[in-house]
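The values are calculated or read from the model by the stated rules, or taken from the named source; none is laboratory data. These figures come from a predicted structure and were not determined experimentally. Neighbour counts run over all protein chains shown; Cβ positions are idealised from the backbone, glycine included. For the accessible areas, the whole protein counts, side chains as well, though only heavy atoms, and no ligand, DNA or RNA atoms are used. Shrake-Rupley method; radii C 1.70, N 1.55, O 1.52, S 1.80 Å.
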Amino acid sequence: QVQLVESGGGSVQAGGSLRLSCAASGSILSLNYMGWYRQAPGKQRELVARIFSRGSTYLADGVKGRFTISRDNAKNTVNLQMNSLKPEDTGVYYCNVRESRRPYDTWGQGTQVTVSS
């Protein structure tokens, strides 16, 4: 079973930057994808960014040009660099991974990101 540890959340003013990191540990054979979801107050959880094992990426339309996702396959870590943050980026960010041998995702505990105007 994979365990995920997230770090890097916090509070920042609009226009600022934060970097989220997620480290996966445990008995890992391979990870098909790693990524980040976020959940704003009163809203559904949404996919923000995802990176696949061969390096291709997905970024939600609202974060393109501002967020960058990267991963270190050797260390099983994924990072989300968030620049030019906006108040609407506020929410709890959850790390999310899919092991190749399992038919379900594993989730982190979530880290709060608050962007003030």
Practice task
Could you tell me whether any residue of the range 91-107 is over 21 Å from Q1 (Cβ atoms) and among the charged types (D, E, K, R)?
Solution key: no
Exercise for the section: Considering only residues that are at pLDDT below 95 and hydrophobic (A, V, I, L, M, F, W, C), look in the range 25-43 and name the one that is nearest to S116 (Cα to Cα). Expected result: L31
Fill in the blank from the handout: Scanning the range 76-88 residue by residue, those assigned to a loop (DSSP other than H, G, I, E, B) and farther than 14 Å from E6 by Cα turn out to be N83, S84, L85, K86
Exercise for the section: With the condition kept exactly as written, say whether any residue in the range 78-88 is of a type in the set (G, A, S) and under 13 Å from the mean Cα position of the chain (by Cα). Expected result: no
Problem - Q109 within 10 Å of the chain's Cα centre (by Cα), open to solvent by 40 Å² or more (accessible area, probe 1.4 Å) and touching a residue at least 12 places away in the same chain (Cβ under 8 Å) - result: no
Problem - Hey, G16 loosely packed, with under 12 Cβ neighbours inside 10 Å and either in a loop (DSSP other than H, G, I, E, B) or over 15 Å from the mean Cα position of the chain (by Cα) (or both) or not - result: no
Problem - Meets criteria (of a type in the set (A, V, I, L, M, F, W, C) and open to solvent by 30 Å² or more (accessible area, probe 1.4 Å)) for L31 - result: no
Fill in the blank from the handout: In the range 34-45, residues that are in a strand (DSSP E or B) and open to solvent by 40 Å² or more (accessible area, probe 1.4 Å) total 2
Exercise for the section: For the range 57-70, state whether one or more residues are within 12 Å of the chain's Cα centre (by Cα), at positive phi and of a type outside the set (F, W, Y). Expected result: no
Problem - Selection from the range 46-82 of residues that are basic (K, R) and buried (at least 16 other Cβ atoms within 10 Å of the Cβ) - result: R50, R71
Exercise for the section: Can you tell me which residue among V78, V115, V97 is hydrophobic (A, V, I, L, M, F, W, C) and touching a helix residue (DSSP H, G or I) at 6+ places or on another chain (Cβ under 8 Å)? Expected result: V115
